[in-house]
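The values are calculated or read from the model by the stated rules, or taken from the named source; none is laboratory data. Because the structure is predicted, anything quoted here is derived from the model rather than measured. Every residue, glycine among them, receives a Cβ derived from its backbone with ideal geometry; neighbour counts consider all protein chains shown. Accessible surface is based on the protein model in full, side chains and every heavy atom, while ligands, DNA and RNA are left aside. Shrake-Rupley method; radii C 1.70, N 1.55, O 1.52, S 1.80 Å.
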Amino acid sequence: MTNKKGKMTLPIFLEFIELRTKVASIFPMLLGIVWAIYRYGAFNGLNTLLFVLAVLAFDMCTTAINNTMDYVKAKDQIYRSEHNVIGRHQLDFRQMVQIIFALLFFSIAVSLILVWRTDLMLLLLGGVCFLIGICYTFGPLPLSRMPLGEIFSGVTMGLGIFFLGVFVQAPHQLLSSQFVGEWFQLQLAWGKWIEIGLMSLPLICLIANIMLANNLCDLEEDIRNHRHTLVFHIGRQKGLLLYTCLAILPWLLWLVYPLLGFLPFWAWLGYGVAGLSYKSLGRFLEKQVKRETFVESVKSFILFSIMYLLILVVACLV
């Protein structure tokens, strides 16, 4: 809790950076790391530690930016004073900005160490992720307030974090870059890049669905606050159809992976929990209420991710 002066406390800080939402970055990290071990037999302990610290710090930073920008741009004064964490706890706006910069600079510093330990191309790859993450909530036209939020959140976190989780383990198995005189030479193991892209598709879909579920639940509030999200443009019914497709596609992909040789055939045992995902989908389609059913999108993501992770861990051991 906070006192009358609105000072920051640990519980409020955790609410400000929304610790509960970090599963959307933790699971792609873990899956990328374990995929590198399973598929390429590669693991680097120090790089992994640095990568985890950088990703979590930047994820907390972007969430803090999002809450701050929602407070600044809010048109609905009830939302601003009673629902937004800054207004509800009467927090010092300047202190919130200081926290954002502290998290950002820490993440950048750790990332630069990773660049030095891996390959210069990580500077470009990581820089793109940083740029998307910041533009997602900051600026005159934040991506989260446009019909692009689901695409950028899904691709950046589902593909970007998964890929980088693999990359920091064995960068030279994926690419090699060097300066030779006036030339900059870059070699890509394109087959592995395609493979990693395919293996990250379920995460892209399910993370995008978390954003989509949030926008479906907040449609009326978003209209009042002039947030023109994807659901605002396509309507609730088409939004629910898209949500359904994104919820089903990961399970269809899971059917294909063993046929492509990416996973052992016994990985189909993962379908034993598919019924739980189907029930969760039904509960969300029945009603879209933030406090009651938004969590179903998170549950679906966690359920699939845990199944995915367990299959990979067992595959590493057998």
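Quick one: which residues, 5 or more positions from Leu175 or on another chain, have an amide H under 5 Å from its amide H? H modelled 1.01 Å from N in the peptide plane, none for Pro or chain starts.
Answer set, sorted by chain and number: Ala189.
Taking square-rooted eigenvalues a ≥ b ≥ c of the alpha carbon gyration tensor, is the chain rounded, prolate or oblate, where a/c under 1.5 means rounded and, failing that, a/b exceeding b/c means prolate?
Oblate.
For labels at Trp268 and Val256 in the simple 7 Å Cα→Cβ model, what's the distance in nm?
1.7
As a test of the formula, what do you get for the chain when each DSSP H run with n ≥ 4 contributes -39,500 (n - 2.57) and the sum is divided by the residue count, at 222 nm and rounded to the nearest 500 deg cm²/dmol?
Numbers: 15 runs with 213 residues, N = 318.
One gets -21500 deg cm²/dmol as the mean residue ellipticity at 222 nm.
Accessible area of the chain with a 1.4 Å probe: how many percent of it is carbon plus sulfur? Please list the in-between numbers first.
Working: 11040 of 15780 Å².
Accessible surface attributable to carbon and sulfur in the chain totals 70 percent.
Stretched out fully, how many nm does the piece from Glu15 to Ser177 gain, at 0.36 nm a residue minus the Cα gap?
54.2 nm
Just want to confirm a number: the relative contact order over the chain, from Cα pairs under 8 angstrom separated by 6+ residues, in percent. Don't skip to the end; give the middle numbers.
Numbers: 387 pairs, mean separation 64.0, N = 318.
Here the relative contact order equals 20 percent.
Go through the range 150-155 residue by residue and turn each phi into a ³J(HN,Hα) via Karplus (6.51, -1.76, 1.60, θ = phi - 60°); whole Hz please, and just put x for glycine and proline.
Couplings: 5, 5, 6, 5, x, 6 Hz.
Among Arg88, Arg39, Arg291, which one shows the highest mean-square fluctuation when the chain is modelled as a Gaussian network with alpha-carbon springs under 10 Å?
Arg291
Could you order Phe304, Phe294 so the one with the most accessible surface comes first? Probe is 1.4 Å.
So, going from the largest accessible area down, we get Phe294, Phe304.
Roll a 1.4 Å probe over the protein chains and send me the accessible area per residue for the range 10-312 in Å².
Numbers: 14470 Å² over 303 residues.
Per-residue value: 48 Å².
At a 1.4 Å probe radius, which order do Cys129, Cys61, Cys135 fall into by accessible area, largest first?
Numbers: Cys129 30, Cys61 0, Cys135 55 Å².
The ordering from most to least exposed comes out as Cys135, Cys129, Cys61.
Among His83, Gly165, Ala57, flag the residue with its Cα farthest along the positive direction of the charge dipole of the range 10-312, charges on Cβ as +1 for Lys/Arg and -1 for Asp/Glu.
The listed residue farthest towards the positive side: His83.
Label Leu46 and Arg94 with points 7 Å out from Cα along Cα→Cβ: what is the distance between them in nm?
Going from the Leu46 label point to the Arg94 one covers 4.1 nm.
Using label points projected 7 Å from each Cα along Cα→Cβ, tell me how many nm separate Ile78 and Lys279, to one decimal.
Here the modelled spin labels are 3.5 nm apart.
A 30 angstrom limit on the alpha carbon distance is what I want to check against. Which of Lys7/Lys73; Lys192/Lys287; Lys22/Lys192; Lys73/Lys279; Lys73/Lys290; Lys192/Lys238 exceed it? Spell out each step's value before the answer.
Values: Lys7/Lys73 22 Å; Lys192/Lys287 41 Å; Lys22/Lys192 27 Å; Lys73/Lys279 37 Å; Lys73/Lys290 21 Å; Lys192/Lys238 35 Å.
Pairs exceeding 30 Å: Lys192/Lys287; Lys73/Lys279; Lys192/Lys238.
Under a Cβ-only charge scheme (Lys and Arg +1, Asp and Glu -1), can you give me the dipole magnitude of the chain about the Cα centre, in debye to the nearest 20? Walk me through the intermediate numbers first.
Values: 24 positive and 18 negative charges, 129 e Å.
Dipole of the chain, to the nearest 20 debye: 620 debye.
Work out, step by step, the length gained on full extension between Phe184 and Ile26: first 0.36 nm times the residue separation, then minus their alpha carbon distance; give nm to one decimal.
Working: separation 158, 0.36 × 158 = 56.88 nm, distance 3.41 nm.
Length gained between Phe184 and Ile26: 53.5 nm.
Ordered by residue, what ³J(HN,Hα) values in Hz, to whole numbers, does the range 167-172 give under the Karplus form 6.51 cos²θ - 1.76 cosθ + 1.60, where θ = phi - 60° and Gly and Pro are x?
4, 5, 7, 8, x, 7
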